[in-house]
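Please read the structure below before turning to the comments.
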Amino acid sequence: MKVLGIETSCDETGVAVYDTATGLRAHALYSQIALHAEYGGVVPELASRDHVRKLLPLIRQTLDESGLQVSDLDGVAYTAGPGLVGALLVGAGVARSLAWALDLPAVAVHHMEGHLLAPLMEEDPLGRPQPPFVALLVSGGHTQLVAVEAIGRYRLLGETLDDAAGEAFDKTAKLMGLPYPGGPQLAALAERGRPGIYKFSRPMTDRPGLDFSFSGLKTQVLLAWRDSDQSEQTMADIARGFEDAVVETLTIKCGRALDAAGCETLVVAGGVGANKRLRERLAQMAQRRGGRVAFPRPAFCTDNGAMIAYAGALRLQAGQHEDAAVMVTPRWDMAELPAV
C-alpha cells in the first residue's frame, strides 16, 4: 500500500508517503517556530491558519518527490488527536476530502501511537523491534512509560503528574532568559556546562513507582539561577545540571519499567528522544542489562508526517478505516485504540 500521511496536531505541518513494499518514499515538514516566537509559545488560531496555507503545497511537494500521482495512492492517514482542535481539523478535513474524492480508505491515527511506532519505521541492523517491549514517550506534552504487548495493545505503566519532560526543558529555558523554543537551546547550552557544579534532585526516584514529576526540579533551577552570578558559564553549568537530572530520572524509571514488564527491549520516541545525552545514557543502560534500545532518527523524534503514514499503513493493511465524517479527538487515551 502507498499511504499518504498528514500531521497537523500542533505547530508543525508534516506530510509523507509510506510504501509498505519499499518503505518511506518521501516526506516534508514545515515548522511554525518563527511564527510563534514573537509570542513565546504556540497561538492555536495562528497555528490552524498556517496549516491551511501550507498543507496543500506540502502534499504536492511530497507527491512530486515520491514520484507518485494522487491516483497512485492506496490510502490516506491523518492525525486525529490528541492535539489542538483547530489544527487537527485542518488535517482531518483535507485528508477526508482527498479520500472521498479518490474513493480511498482513510484512517485516523493517534498522534502518540505515531511517535511510539516511529522507531519501527526504518530498517535496523539488529532488526526492527518486535513486541513485547517498553516504550518511553517523552515530548513537550507527554512523558509516559507504556508496555506494548502488540501494536494497538498498550498498557500505561507510568506518566508525569505535572510537567512533561520537554515542557520542563522549555519552561526552564524561559526562566533563564533563553529565546523560544527554549528546550533545544537549553540542551545545546548544557554541552558547554561542567558536570557536577550544580546537582539537582532526581524527582520521585527515591520511592517505588513509575510516575514522573518535573515541576519541583524546575523550581530548584529557578532558585539556583536567581542566586547565581548569572554569567554565561554559570548558565551553562545550571543547564548541564538540569539536563543530567532529567536524563538520570528517565533512565532510572526506564530500568524499572523494563523490570516491571519483564522484557529487555526499550523503544524511545518523542521530541526529547533526540537529546544526545539521553540517547547515550539509555544505550549504556541497555548494554549493561544485555538488552537493546531503539530510537527513530532525530528528524523523526519531533512531529512529522512519516510516523503518521507508517502507523496509518499498518492499520489500513489490517482493514481498519473511518467513515466519511470529519472527526477529531483532542483528548484521546491510547488504551482506547483497537488492536492491529
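The values are calculated or read from the model by the stated rules, or taken from the named source; none is laboratory data. Worth saying up front: this structure is predicted, and the values here are computed from it rather than measured. Neighbour counts run over all protein chains shown; Cβ positions are idealised from the backbone, glycine included. Side chains are part of the model used for accessible areas, which takes the heavy atoms of the whole protein and leaves out ligands, DNA and RNA. Shrake-Rupley method; radii C 1.70, N 1.55, O 1.52, S 1.80 Å.
For the range 74-217, the calculated P(r), taken from all Cα-Cα distances in 5 Å bins from zero up to the bin holding the longest distance, is 2, 8, 12, 15, 16, 16, 14, 9, 5, 2, 1, 0, 0 percent.
Applying D = kT/(6 pi eta Rh) to the chain, where Rh is the Kirkwood radius over alpha-carbon pairs, T corresponds to 10 °C and eta to 1.306 mPa s, the Stokes-Einstein value obtained is 77 µm²/s. Listed by chain and number, the lysines placed with their C-alpha closer than 27 angstrom to that of LYS276 are LYS171, LYS174, LYS199, LYS218, LYS253; residues fewer than eight positions away on the same chain are left out. Assign one of three labels to the range 75-118, namely rounded, prolate or oblate, based on the Cα gyration tensor with a ≥ b ≥ c the square roots of its eigenvalues; rounded applies when a/c is under 1.5, prolate when it is not and a/b is larger than b/c, and oblate otherwise. It comes out oblate by the Cα gyration axes. Does the range 7-160 come out rounded, prolate or oblate, given a ≥ b ≥ c as the square roots of the eigenvalues of its C-alpha gyration tensor, rounded meaning a/c under 1.5 and, failing that, prolate meaning a/b above b/c? It is oblate, given that a/c is not under 1.5 and a/b is not larger than b/c. Just so you know, the Cα atoms of the range 4-71 work out to an Rg and Dmax of 13.5, 44 Å. In the chain, the calculated helix contribution to ellipticity at 222 nm averages -13500 deg cm²/dmol per residue, counting -39,500 (n - 2.57) for every DSSP H run with n ≥ 4. Taking all protein chains as they are arranged and a probe of 1.4 Å, the heavy atoms of ILE252 leave approximately 60 Å² accessible to solvent.
Take the Cα of ALA299, go 7 Å toward its beta carbon, and the backbone nitrogen atoms of the range 56-78 under 20 Å from that spot belong to 56-68. For ALA77, the residues 5 or more places off, or on other chains, whose built amide H falls under 5 Å of its own are LEU4, GLY5, ILE6, VAL107.
Note on ASP124 and GLU264: with the Förster distance fixed at 22 Å, the Cβ-Cβ geometry gives a FRET efficiency of about 0.90. Counting only DSSP beta bridges whose two residues both lie in the chain, roughly 60 percent are antiparallel. The charge dipole of the range 8-88, taken about the Cα centre with unit charges on the Cβ atoms of Lys, Arg (+1) and Asp, Glu (-1), comes to about 120 debye, rounded to the nearest 20.
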